[in-house]
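The values are calculated or read from the model by the stated rules, or taken from the named source; none is laboratory data. Remember, predicted model here, so these are calculated numbers, not experimental data. The area values use the complete protein model at the heavy-atom level, side chains included, leaving out ligands, DNA and RNA. Shrake-Rupley method; radii C 1.70, N 1.55, O 1.52, S 1.80 Å.
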Amino acid sequence: MRRAPLALTASTAALLLLAGCSAPADADPEVDPDAAGESAEPDAPTDPTDPACLVGDWRITQDQMQSFYDAVSGSTEGLALTIEGDTGLSFTTDSYVYTPSFTLLLDIAGVQGQGVTTGSIGGSYSATEGVITTTVGDNSLETIVTIAGVTQDASSELGAIIASDPINQAPFDCSDPDAPVLQFDTGSGRTPVALTPAG
């Protein structure tokens, strides 16, 4: 009859062991007193004149190009331009390439036609105080116009309207680094054009 105390002692030890492996239900986790006063620092505001946001490959969508050409044709009496297609624009830290590849439907004083622009224009650029200044190093832009069934190279005649270098002296706004806005030259002023990441 002396085994009972031994069995009781073993049971008690087992209960104590289990209890020792379990944290008390009301135990509070350790709290770092310094952490309570810490808060995430707000992100620094984006500098809208920082040209770093321009670097990359961009696309100017058809609707943005249409807005641009509406502004262009608005300054020329009797001229209406409707665009089909979009445009590429790429920047490195010191060079750019503008690659229009679209068709413009022309209405010149009621005469219908179309202009197809291909090629590219590019070179070096600088961006100071929110304004892009370009130096053209290569210009292979070509505009072929067909009006009333007659096709001709109108690169020199319509180049200033259809396929110019619209980003030269263009103010830019990088408030949204994912969609920079450039003020394209329309020939009689400027109009905002938003960029969309290519790809």
Worksheet entry | Long-range amide H partners of residue 50 with built H, under 5 Å | 174
Discussion item. Give me the 1.4 Å probe accessible area per residue for region 64-120, excluding ligands and nucleic acids, in Å².
Written reply: 42 Å²
Practice prompt. Starting from the amide H of residue 186, placed 1.01 Å from N in the peptide plane, find each other amide H under 5 Å away whose residue is 5 or more places distant or on another chain.
Written response: 191
